[in-house]
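One structure is given below, encoded as structure tokens.
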Amino acid sequence: MIMCMAGMAITGTCASAAEIDAAIGDRVSLSGSAIGTDTIYLFVTGPGLASNGVKVDSMRSEVVTNIPSSFTVTDVKNDRWEYSWNTARQGFHLREGIYTVYATKQPYARDALSGGTYGTIEVSLTYGGRAFQSAGTVLVDTTPSALLYVDDSVKGVTPQNLSLPIGTHILRLEREGYLTLTETVPVAGGTVTEIRRTMVPVAGTPETTGTIPAPALTQATPLETEIPVTVIPETTRAGGPALAALSAFLVSFIVLKRP
């Protein structure tokens, strides 16, 4: 696996990085080339960790800009550096999820990176070593078509095939002359959720698809036709996100299993 970082000269062509899949407890060997610096500063972000980053070798310790000792530090020798990240020895149980490892030329935490030189790689850590699925697919269709909002953001006219982050999302369906439908949809990683709904005309309002007025609603008329939500396990492992290539610094990531 390769990571590119701007501002440090290397020989050769820089390639983009791919996501690493590893089991919690594995060693992840980090190494790379760096010209023009004697030190590399490492930190990591991820689920349950401080948002500004923590030391790679002590993931309870938050890094602080311009305090080198708060980072995991590795020396550069003969334009090379390396570090073995032991994900097992952290003093607490890591959560499954996507972790981002930062390698920086200066001791800058996440909130100060705009002024420094750095690169990142995303590492999927799970107990089984499989790729962590950070999103699920939601298929939304209505009769007739309607404008779809997800968490108050417009997603377009149904039908829609959406990739949404894991968690709970609020879906809203709107069409002029019809009742607005709103519902809460849980999204699990690596699953496909189908939502099919029938829009119900507002009483006394002509349907927008023709000139014949829609029949008035009565107490016996349901406000929504419920169709069960079907959850289909994803059968194909999603590929890791590609990282944009930045020139002139190379970091390679290799997953090594503990003996």
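Numbers at a glance
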{"read-out": "For the stretch 40-54, Karplus couplings with θ = phi - 60° (6.51, -1.76, 1.60), whole Hz, Gly/Pro x", "value": "10, 10, 10, 8, 9, 10, x, x, x, 9, 4, 5, 7, x, 10"}
{"read-out": "Ranking of Thr182, Thr198 by count of other Cβ atoms within 10 Å, fewest first", "value": "Thr182, Thr198"}
{"read-out": "Amide H partners (placed H, <5 Å) of Tyr178, local residues excluded", "value": "Val202"}
{"read-out": "Per-residue HN-Hα couplings for the stretch 173-178 [Karplus 6.51, -1.76, 1.60; θ = phi - 60°; Hz; x = Gly/Pro]", "value": "10, 10, 8, 4, x, 10"}
{"read-out": "Per-residue HN-Hα couplings for the stretch 141-151 [Karplus 6.51, -1.76, 1.60; θ = phi - 60°; Hz; x = Gly/Pro]", "value": "9, 9, 10, x, 4, 8, 7, 9, 10, 10, 6"}
{"read-out": "Asp26 long-range amide H proximity, modeled H, under 5 Å", "value": "Thr87"}
{"read-out": "Proportion of all alpha-carbon pairs of the stretch 114-172 beyond 16 Å (%)", "value": "60 percent"}
{"read-out": "Tail fraction, Cα-Cα pairs, the stretch 64-211, threshold 20 Å, whole percent", "value": "66 percent"}
{"read-out": "Sparsely packed trypsin sites (Lys or Arg not before Pro) within the stretch 117-201, loop by DSSP, other Cβ within 10 Å at most 14", "value": "Arg130"}
{"read-out": "Residue exposure sequence - Met59, Met199 - by fewest surrounding Cβ within 10 Å", "value": "Met199, Met59"}
{"read-out": "Cβ crowding within 10 Å averaged over residues, with 76-85, 131-140 ranked highest first", "value": "131-140, 76-85"}
{"read-out": "Neighbourhood net charge (15 Å Cβ-Cβ; Lys/Arg +1, Asp/Glu -1) for Pro68", "value": "-2"}
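None of the figures in this text is laboratory data; all of them are computed from the coordinates on show. Note that the structure is a prediction, hence the values are computed from the model and not measured. Because the Cβ atoms are built from the backbone with ideal geometry, glycine has one as well, and the counts that use them run over all protein chains shown.
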